[in-house]
Structure formats: C-alpha cells, structure tokens
Amino acid sequence: MSDKLKEMNLRADGIVCTGCAEDMENLLLDKDGIEDASVSFIDDIIQVKYDPDIIDRKHVYMAVRRLGFPVKIISEN
C-alpha cells in the first residue's frame, strides 16, 4: 500500500436511504485500491480514499459512477 492515500469527494444525486449508502460503501470497498468509502445520503456526498499505486483517479470516478447515480467531483487531494 502507498504511504500516501488520495481522497476524492463526489456529489451524487438521488441517494435515498442509509441502506443504499451502506450498499454503495460495500461495493466501493470491494474494488482493489479503494481503502475507505463513506456515503452520506443526507448530504449526497461520497468520500473515497484510494491508493494511487493500485487504482487511478479515473477508475475511482468510474467505480462511483457505476453505482448508478449522476456524480460530479467536488474536491480531490
């Protein structure tokens, strides 16, 4: 694992319940290189921490998009 994880925060429209948020977190955590995922259905925010040595930002974004919600990146570091 890389010494420095990257973080991406995205806004997703249409997350309706905590069960959906938990399912989304589990799907993201199953992806190689994603070390942490937090989904807030109240704020429509998805926070993903990933290892850039394993997965790049484009594939993180695509993994979130495959969850079925329109998303846009609101911050990265």
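The values are calculated or read from the model by the stated rules, or taken from the named source; none is laboratory data. Bear in mind the structure is a predicted one, so any value in this text is a computation, not a measurement. Here the Cβ is made from the backbone with ideal geometry for all residues, glycine too, and neighbour counts use every protein chain on show.
Numerical summary
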| quantity | calculated |
| --- | --- |
| Failed item in (1) at pLDDT below 90; (2) within 14 Å of Arg66 (Cβ to Cβ), with Gly14 passing the rest | (2) |
| Some residue of region 60-74 being farther than 14 Å from Leu10 by Cβ and either of a type in the set (Gly, Ala, Ser) or in contact with a strand residue (DSSP E or B) (Cβ under 8 Å, 6 or more places away or on another chain) (or both) | no |
| Among residues of region 19-62, those that are among the small types (Gly, Ala, Ser), modelled with pLDDT of 95 or more and buried (at least 17 other Cβ atoms within 10 Å of the Cβ), counted | 2 |
| Region 1-18 - residue that is over 15 Å from the mean Cα position of the chain (by Cα) and β-branched (Val, Ile, Thr) and, of those, surrounded by the fewest Cβ atoms within 10 Å (Cβ to Cβ) | Val16 |
